[in-house]
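The values are calculated or read from the model by the stated rules, or taken from the named source; none is laboratory data. All values reported here derive from a predicted model rather than from experimental measurement. So basically every Cβ, Gly included, is an ideal-geometry build from the backbone, and we count neighbours across all protein chains shown. Just the protein is used for accessible areas: all its heavy atoms, side chains included, with ligands, DNA and RNA removed. Shrake-Rupley method; radii C 1.70, N 1.55, O 1.52, S 1.80 Å.
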Amino acid sequence: AAMAPGDFDCPPLALWDGTLEEFPRASWRSAPGDAELADWVTRFLRYGFLILRDVPTEPETVLRVAATFGFVRQTNFGTLFDVRSEPEAIDLAYTSLALDPHTDNPYRAPEPGVQLLHCLVNETSGGLSTLVDGFAVAEALRKRDPAAFRVMSQTSVRFRFRDPVTELMASAPLLELDVTGRPRTVHFSPRLDYVPLLPPAELTEYYRSRRVLDHMLRSSEFEIRFLLSPGELVIFDNCRLLH
């Protein structure tokens, strides 16, 4: 399904679900021509992600790939975040535990927009990457359960991150809409959200709505899975996609 964008200068969005068969892919080149780069960006804008192959597996190559598309924003984690398994982890990304679909850093204002994951080594059993089109889920929720869509798009939730040296907080609804009523950003990270204090009846409806949204986001109906092999890199829109 296609959805008109909020910005008429961008290509129409191609909303997708678990039936997506042909993923947007391209072979990486360090100096792409204008037409080639425009093709990459167009497919990224339509689908919310792009898988690049033939990316050298040298550490920090991901920063050079990112610089081809724009500037790299540094956070409290630095410019580079290594996803690896550690014995005493301070974040789930440092473990081998399976992660449910989520968006990154909703406690940050602004939250990360375009993110890049570059596979250097994948020697584990399993290790599949998961992507979900949050905009497709939002539109499906609007049709199937309008009351839940209204609650999820109108209830502000607080997100918080804290470690020994950093504390970050931001508030937003789980489904943030633009001025035309279309999905603009999905904020979904169940380990980090703090539900607002509401009257009992409203709180009951909030949890009912959140449960419906959560089940849809984790459903195989909307989920695609693929193995990211060494030398492959996925670039995705963290405001739209859950991973």
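For residues that are under 20 Å from the mean Cα position of the chain (by Cα), touching a residue at least 24 places away in the same chain (Cβ under 8 Å) and in a helix (DSSP H, G or I), tally how many sit in the range 41-70.
Qualifying residue count, the range 41-70: 10.
List every residue pair whose Cβ atoms sit under 9 Å apart, with the two residues 6 or more apart in sequence or on different chains, where the first one lies in the range 1-22 and is at pLDDT 95 or above and the second, anywhere, is in a loop (DSSP other than H, G, I, E, B) and among the aromatic types (Phe, Trp, Tyr).
Trp16/Phe222; Asp17/Phe222; Gly18/Phe222
Being at pLDDT below 95, hydrophobic (A, V, I, L, M, F, W, C) and surrounded by 14 or more Cβ atoms within 10 Å (Cβ to Cβ) narrows it down to one residue among Leu128, Leu97, Leu120; which is it?
Selected residue: Leu120, the only one of Leu128, Leu97, Leu120 that is at pLDDT below 95, hydrophobic (A, V, I, L, M, F, W, C) and surrounded by 14 or more Cβ atoms within 10 Å (Cβ to Cβ).
Results for (1) under 24 Å from Arg162 (Cα atoms); (2) surrounded by 14 or more Cβ atoms within 10 Å (Cβ to Cβ); (3) modelled with pLDDT of 95 or more, shown as yes or no for each residue.
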site	(1), (2), (3)
Asp193	yes, yes, no
Pro196	yes, no, no
Ala201	no, no, yes
Arg211	no, no, yes
Leu227	no, no, no
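Please go through the range 175-191 and pick out each residue that is among the acidic types (Asp, Glu) and either touching a Leu at 6+ places or on another chain (Cβ under 8 Å) or surrounded by fewer than 16 Cβ atoms within 10 Å (Cβ to Cβ) (or both).
Passing the criteria: only Asp178.
Scan the range 146-162 for residues that are open to solvent by less than 30 Å² (accessible area, probe 1.4 Å) and either within 12 Å of Pro196 (Cα to Cα) or in a loop (DSSP other than H, G, I, E, B) (or both) and jot them down.
Across the range 146-162, the qualifying residues are Thr155, Val157, Phe159.
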